[in-house]
Structures are given as C-alpha cells and as structure tokens.
Amino acid sequence: MADSLLRAVDIQKSFAGVHALKGVSLDIAPGEIHCLAGENGSGKSTLIKIISGVYQADGGHIEFDGKTLSKITPIDAILLGIQVIYQDFSVFPNLTVMENLALNSELSDKRKIVNWQRMRQIAEEAVAKINFKVDLDALVGTLTVAQKQMVAICRALMFNARLIIMDEPTTALTRKEVQALFGVILQLKAQGISTLFVSHKLNEVFEISERFTILRNGELVVTGHTRDLDSAKFSYYMTGREFSDEQFRAENLGEAPLIEVKNLGLSGAFEDISFQLRGGEILGITGLLDSGRSELSLALFGIREADSGDILIKGKKTRINTPQAAIGAGIGLVPEDRLSEGLFLPRSIADNLIIAEIDRLANRFKVFDHRKRTREVQRLVEEFAIATPNPQNACQTLSGGNQQRVVLAKWLACNLDVLVLNGPTVGVDIGSKHDIHRILQGLAREGMGIIIISDDLPEVIRNCSRVIVLKSGRIVQEMDAAFATEQAILSQMM
Amino acid sequence: MQNNLKKLTKRNETYIALVVLALCLLIEVRSGQFFTANNLVDIASAMVVPGLFAVGTFMVIVSGGIDVSFPALASLTSYATTKMLLDAGYTGGMWLPILISLAMGALLGAFNGVFIGLLGLPAMIVTLGSSSVFKGVMQGALGSVQLAVIPPGMRAFGTSALFTATNPVSGLTSRMPVGFLALIAVLLIAFFIMRYTFFGRGIYAIGGNETSAHRAGFNTKRTKFLLYVFVGMVASLAGLIRTCMMQQNHPTNMLGMEMNIIAGVVLGGTAISGGAGSLTGCMLGTLLIVIVENSMILIGIPTIWKSVFVGALIIIGTGVSAYQVTRAHRIKSSRRLGGEVKA
C-alpha cells in the first residue's frame, strides 16, 4: 500500500529491561478503519502511546503522510492530526457540554479571557460535524456513557483530525450504542478520517474493521484483511493457544437441591422467581437491562433482601438478609463490577485472597496467624495460577483476568456450596476467559452449584447446563442449554 | 417563564434562599425586630468578614481542595501589619495597611500553594500544618498580645460609615461599615475570575477531573499555586478589616472560624468534592450562618444555645445534600447494575 496515512515501521520499545515492543509495524491507509487487537500486556497501549507521542520509541521510525519522522511529541501528534480518545474520555463531568467541547481549542489558542459566545459557536460547529444532537448546556455528568464518548469524539474532530485512535471504545456501551458509534466511525471514514480501533472483541472486529493487526507479547502476530479472519483463527492469533469449545454437561448431579428459590420477589426488580440448583450444575440466568437479573444476584447474596418468597438452603427455609447470612448459608457472589465491588485494589493480592476466610486464620488465642496466612496465600496462588511475581504486590497490578481469578479464589477458599457470578468475564481477555470457564466447570464437577448471570450468550450456552431467561423481572423460559441457540434465547429476551 | 421557574427548582440556591427567607420571617414574627433598618444593617456588617473568608474558601473547595489555615493566616497578617505600623508610628491612611496585608497574605498563601499546587500534597494536611505554623509564628516569634490601640488610619476606616440606619421604635442606630465595599469588590473580582477567565474555568476543571484538566492543556500546578496565593490575599484582607472594625487586634479570636465558614459554603451548594458551586449559593449559605449566629437572641433563644443551632444546621444542611448525592448514586448504580445487553 503505497499511499498510507500512517506507517509505523519496526518499532522497538523497552521499559526497564522489559521488551514491550519487539519490532512492530503498523500500516493505516487514509479513511481506513483498522482494528488493533491483542490481550492485556500485548503492547497495544504502548504502540498507541508511541504513535500519539506520549512515549518515544527506542528503535524504528514513523511515517505520516509520506514524511518520515524520527520522533513525535504529543504536540506534534496533535498538529499532524492524530487524536486519541481515552477509555475515560477525559471529560469534565461538572462542566457543560459546551465548555467541554470548547476548552481544549481555546486553551491551545492561549486565550485568557472567556468569551461565552465564541465558546458556544465552537461547540455548535463541533457537534455539527457528526450531526450529534445534544443539549449544549447540559452537564456532561448527566449524560450517558455513549453521549460522553460522542462529546470526546466531537472534541477530537476539532483539531483537523486525520487519524482517530479509540482505546477500547465499546467497553461500557450497550449494543444499540455500539451501533451508533459504528455509524459515526463510518461517517468519519466518508470524510477521509482514519480510525484505529482498539478492541479484543471478536464480533466488533468483524463488523467494523477493514483490516486488522494482532499483537502478542510485543510482537506482531498477523496483519491482514478482516474478511480472511474467522473466530478460531482470531482466538489463536490472540493467545497462541487452540481452544476446544466444549459444551459443559452436568455430571454426577447432587441428590437434593443445594438451594431452592420459591416465588422470590423484590418490588420494582423481579417477581415470582422459582428455581432449584443442585450440586454439579451450572445454571445460567440471562436477560436484558430491566430484566432484574442483577437485582436477583444481589438478593441471593443478601445485599438487597427479597420482599416476598422463600429461599431454601438444603431444604431448610433460610433468611438471607445480609452478605454475612449468605456466606453463612454457603453462598458467595462475584459481583459484576469486580473492581469497585469485589476487590480492594490498592491492597495486596494476598490480603484480597484471604479476606473472606480471615476468621479461620486465627490461632487458638484468636490472634491472626501469619504463618497460616502465608501458607494459604501460596496454596491459592498456585491453585488458581495467578500470574504475579509476588503476592504482596497490590491487586491493581494484575490484569483483568488475573483479578477475576483472585475474586474466585477468595470465595473458593471459604468452602462454599453455591457461587453466584454476575458477568464473570466482562472486560477479561480471551485467554483468561477460557481459563475462568475451565475453573468454573471444574468446580461444578467437584460438586459445587454455580449460577452464572450473564448477557454474553455464547458464554451462557457453552458453560451452563440449564438457562433461565428473564424478561421484565419474570422468568419467561427455562431451557436445556444443550438445545439452546443464541437466536432462541435472544427472541425470548426481547 | 415557566421554563425559568423549572430551572430555579433545580438549583440549590433556590432552596437555600427559601430557607434564609423562612428563617427571617420566623424571627420577624417572633420578635418584630428582624426587618428593621438597623438589624438589616447589623447583619450586612456582620457579613463582611465571614463573607470575605467564604469567597476564598469557595474557590479552594471548587478546585477540589480545602483550606483550614485562613483564620490563622488572617490573624498572623493582621497582627503583623498592625504591630509593624504601630511600632513605626504610622499615621497615614488605609492604603499602606492594605498593601502590607495583601503582600503578606500573598506570601503565606504561596507557602500553601507551593506544597499543594507545585508539590501536589493533600490540601487538608498542608493547611492543617500551615495553620499551626502561622499560629506558632504569631504567638512565638512575634510574641503576640492583644493590641488595644490600632493606627489612626485603620481606626478611621473602621469607624467611618457609608450611612447610618436608625430603628424608629427603639432609636438604636447601626453604621454600615466602609468595609462592606471591600466585600462587594472582592465578590465582583471573584465572580469575574471564576466566570470569565480561563484561570477560573481551570479551577472548575481541576475540581472536576484533574487528569483531564492537565490533558486539556491547563497548567494545573500553576493554577493551584496562584489560587492559594489569591485566597491568602483575600483572607489577609478579611483579617485587616476585622481588626479595623473591632478597633483592636485580638490575635486568637478568629481561630476556630474555619468550620462555620466551610459549613456556610457547603450549605450554599458548593460540592465538597469539588467542581461545582456558585458564589450566589456560597453567599446565601454564609448569610444563613450569620443570621443564626446574630439573630437567635431576637427570638429569645439564649446565646449559649447558638452553637447547638449552628451545629444542627450544618448537620441537616450538609446531610441533606450528601443524602441526595448518595441517592442519585444509588439510582445510577442500580441502573448500571441492571446493565443492558452489551455487545
């Protein structure tokens, strides 16, 4: 491709002896939608930071518009027309849309005094570029995630952008919002603006991009046309491993149900929910936004007590009104947002692992026993293959998949009977996702009862033995996962 | 019109204004003395010093910081200014004391600014420390004692009145101090800074999200440094005016004011987490505290109960807004927990 907009050639970068990028090349044509994929730690973000001038490459060079550049500073990148939209969008929630849009360009013009009329003009021009309808006087904090993203995109377009880099832009978006985003990306393409789309979601890569580049461990694995890619190849390129997509089947089911839910209801969330879960089973619960699936997980764990119906634990009626009561009854919850609800991120991995079983690590004088703690931490780190040089490191140093393993290990240390997982693999890369699924299936085989609450339908179908579909707070269908298809479940959900 | 009315109901200032009005009416009904000319002038006069402090506190809180050192800063600069001019036998006008005060206030503000702005240390810790340092310098190094006499120029400024209001029934009179003009001037300057300069918008931006502010091109370090310099100047001006109005300098009687001032600012709708708030709300909140402090006696509540009322007001006022924040958050998070089908 002779007429590329951006060519990064043989880029090398090391951090304190770690070779983050080992001669990676990237080629983007004008108006092209290019997808950059790779697992956590593959070097995606390092490459983006080199292109946008945040880091300097140790070797290789970058060509933009045919001109070879030895190094790029952040200002150079902006002047060239390279704009990065970060995952947090870098917006000000406390300011209006107008101000969010106009601040950057006013500041880069080195203005000192605010002219509100000019600010409004700038903002109006910015939203007009992609036909984004929004109240300019609304506070950005009151917008939806998708709208905030549009604000960030409009702002990026004001600097005569020619290449827009979007760092995992779809993470927090609903399906509909993703479609709208793709619409905007196509509009940009029509205006000759290239998009580098960072994602590790297979379906998005297929849907939007024309060409793709996959990195693994700092090396370029493959680059090519998306039409030559299929899902097995994609997983293989990403991880270097082959996965067998085996359907989970419940074996050696327990005799009596571990937990039985009878006509459970929580006003405004769900009603008349009944199901049984036996040991050795994985039950999938799926549904839309307002289906009440998340509230159900909270009710099962006692965070929001159900206001009608009963929960029977091993045949005995039990009141689950606090998380303590749930743990006492042998129920654990892996919450949807593991970062804010399931982990103490700044604390050590070791502390996070043992927090739920801390009472059992006391010696006979009820004093905390540090030797017991060390042994227990070692056991869990090995059993769950948590990739860390030192369990005393802060939990936030781990990748998403490893963090999720810590949450799992924490619960499994407590010898629970039932584990409820809400969105167990949201934001987790493919390799770790498979590992987590393997762990869950293994646990079920050992006799645990598992409930996976998820809207990732392939995940539900592959890992569950039964699927319950919720709609508007009620069970609309219960099916054997062996015979369920994505289409069948979707039609029940909608 | 209806649209404007709807907007008003969404604004925090509307509610605080209604509370102030209700309190005024209650006092009026109970005593018949609230809306008399001299009482209103008394309240305006009592607003001057807290009002100035509140402006500075407001700006700091909007930036996401906090300043508990301003009473100590004001005490130190006003004491040092008065003492220096007394020792020099100064008999001139008010301009020199103001200049000396502002210069010292800027210097001490810069002391806070270096640690908070340039070095990025937590504002609470820095100002707790500097508060102690300022007090120590004043009481130790300067050996402060009460100054019963102040220079004639400052005395004249403190006693001169814009006008005098008389209560037609009791015949009591109250003077509107010239210092009130200083409050008006500082309010206008602060309003201009916060609304019409990129320095001021930077303060809001930093309070909203400091990383984003840096990425957007604000010099966040310089903005925070200059903010504390400015706030130091405003506080020192307040200290000087208080000395003039009281006709004496008492080195410790401003200490401890910080909590009521911060409470007033937060009652007025300034988000304690930074990034949001208006000067109007900040003044209304301060007015509420001043009225409670000054007028409880008019409805027969003994002054010893004053602090109970102020305390209750702070808990209720800030509690209600904190409750609204957590409720909004809960609604949002349960919506988020609900999730939607994600692609």
> Expressed as an acute angle from 0 to 90° and rounded to the nearest 10, what is the orientation of the C-alpha long axis of helix A:400-412 relative to the principal long axis of chain A?
Replying inline: 10
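If I take R0 = 45 Å and measure r between the Cβ atoms of A:Gln392 and B:Gln248 in this structure, what FRET efficiency does the formula 1/(1 + (r/R0)^6) give, to the nearest 0.05?
The computed FRET efficiency comes out at 0.15.
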> What relative contact order, as a whole-number percentage, does chain B give when Cα pairs under 8 Å and 6 or more residues apart are counted?
Replying inline: 31
>> Just want to confirm a number: the relative contact order over the range A:257-493, from Cα pairs under 8 angstrom separated by 6+ residues, in percent.
In response: 29
> So what J values fall out for the range A:192-205 if you push phi through Karplus, 6.51 cos²θ - 1.76 cosθ + 1.60 with θ = phi - 60°, rounded to Hz, Gly and Pro as x?
Replying inline: x, 8, 8, 10, 9, 10, 8, 7, 10, 9, 3, 5, 5, 4
> By what distance, in whole Å, do the Cα atoms of the protein assembly as shown stretch along each of the three principal axes, largest value first?
Replying inline: 95, 74, 62
> How far apart, in nm, are two points set 7 Å out from the Cα along the Cα-to-Cβ line at A:Leu253 and at B:Met124?
Replying inline: 5.5
> Going 7 Å from the Cα of A:Asn415 toward and past its Cβ, which residues in the range A:253-284 have a backbone nitrogen under 20 Å from where you end up?
Replying inline: A:254-256, A:258-259, A:279-280
> Counting DSSP beta bridges with both partners in chain A, what percentage is antiparallel, nearest 5?
Replying inline: 55
> In whole Å and largest first, what semi-axes does the C-alpha gyration tensor of the range A:257-493 yield when each eigenvalue is scaled by 5 and square-rooted?
Replying inline: 30, 21, 15
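Quick check on the exposure proxy: order B:Phe134, A:Phe132 from fewest to most C-beta atoms within 10 angstrom.
Placing the least packed residue first, the sequence is A:Phe132, B:Phe134.
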> Along the charge dipole of chain A, which of A:Leu80, A:Gln147, A:Val469 sits closest to the positive end, that is, farthest toward it, with unit charges on the beta carbon of Lys, Arg, Asp and Glu (+1, +1, -1, -1)?
Replying inline: A:Leu80
> Using the Cα gyration tensor of the range A:1-41, with a ≥ b ≥ c the square roots of its eigenvalues, what is the shape: rounded (a/c below 1.5), prolate (a/b larger than b/c) or oblate (neither)?
Replying inline: oblate
> Does anything in the range A:368-398 have its amide N under 18 Å from the 7 Å Cα→Cβ label point of A:Gln87, and if so which residues?
Replying inline: A:387, A:394-398
> Which shape class applies to chain B: rounded if a/c is under 1.5, otherwise prolate when a/b exceeds b/c and oblate if not, where a ≥ b ≥ c are the square roots of the Cα gyration tensor eigenvalues?
Replying inline: oblate
>> Let me check against my output: what whole-number percent is the relative contact order of chain A, with C-alpha pairs under 8 Å and at least 6 apart?
In response: 15
> What number in nm² do you get for the range A:314-417 if you take the convex hull of its Cα atoms and divide its surface by four?
Replying inline: 7.6
> What is the order of B:Ile98, A:Ile208, fewest Cβ neighbours within 10 Å to most?
Replying inline: B:Ile98, A:Ile208
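Quick check for me: using +1 on Lys/Arg Cβ and -1 on Asp/Glu Cβ, what's the dipole size of the protein assembly as shown about its Cα centre, in debye to the nearest 20?
Working: 77 positive and 69 negative charges, 396 e Å.
Here the size comes out at about 1900 debye.
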> Separation of the range B:72-102 and the range A:30-53 by C-alpha centroid, Å?
Replying inline: 61
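When a footprinting reagent is the concern and you count Cβ atoms within 10 Å, what order do B:Met59, A:Met119, A:Met158, A:Met448 take, fewest first?
A:Met158, A:Met119, A:Met448, B:Met59
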> Roughly how many nanometres apart are two label points built 7 Å out from the Cα toward the Cβ at B:Trp305 and B:Arg215?
Replying inline: 5.4
> Under unit Cβ charges (Lys, Arg +1; Asp, Glu -1), what dipole magnitude, rounded to 20 debye, does the range B:36-297 have relative to its Cα centre?
Replying inline: 440
> Of the residues B:Gly64, B:Gly285, B:Gly300, which exhibits the maximal mean-square fluctuation in a Gaussian network model of chain B defined by a 10 Å Cα contact cut-off?
Replying inline: B:Gly300
>> I'd like the FRET efficiency for B:Thr159 and B:Phe35, computed as 1/(1 + (r/R0)^6) with the beta carbon distance as r and R0 of 30 Å, rounded to 0.05.
In response: 0.70
>> Under 10 Å, Cα contacts only: if you run a Gaussian network model on chain B, which one of B:Tyr79, B:Tyr90, B:Tyr323 comes out with the highest mean-square fluctuation?
In response: B:Tyr323
>> So, R0 is 60 Å and r is the distance between the beta-carbons of A:Ala138 and A:Val476; what FRET efficiency does that work out to, to 0.05?
In response: 0.95
>> Can you compute the modelled spin-label distance between A:Asp307 and B:Val114, with each label point 7 Å from Cα toward Cβ, in nm?
In response: 6.0
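Let me spell out the model: positive unit charges on the Cβ of Lys and Arg, negative unit charges on the Cβ of Asp and Glu, origin at the Cα centre of the range A:359-478. What dipole size does that give, in debye rounded to 20?
Charge dipole of the range A:359-478: 440 debye, to the nearest 20.
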> Relative to the first principal axis of the alpha-carbon coordinates of chain A, what is the inclination of helix A:145-157, with its axis defined by its Cα atoms, in degrees from 0 to 90 and to the nearest 10?
Replying inline: 20
>> With the cut-off at 1.5 for a/c, could you classify chain A from its C-alpha gyration tensor as rounded, prolate or oblate?
In response: prolate
> For B:Leu255 and B:Arg11 in the same chain, what is the full-extension length gain: residue separation times 0.36 nm, less their Cα-Cα distance, in nm?
Replying inline: 84.6 nm
> Out of A:Gly287, A:Met448, A:Gly328, whose Cα points farthest toward the positive end of the dipole of the range A:257-493 (charges: +1 Lys, Arg; -1 Asp, Glu; placed on Cβ)?
Replying inline: A:Gly328
>> For the pairs B:Lys83/B:Lys135; A:Lys22/A:Lys433; A:Lys201/A:Lys433; A:Lys49/A:Lys71; A:Lys22/A:Lys67; A:Lys262/A:Lys410, flag any whose C-alpha to C-alpha distance is greater than 20 Å.
In response: A:Lys22/A:Lys433; A:Lys22/A:Lys67; A:Lys262/A:Lys410
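Coordinate-derived values only; no laboratory data. Note that this is a predicted model, so its numbers are computed, not measured. For neighbour counting, all protein chains shown are included, and Cβ atoms are generated from backbone atoms with ideal geometry for every residue, glycine included.
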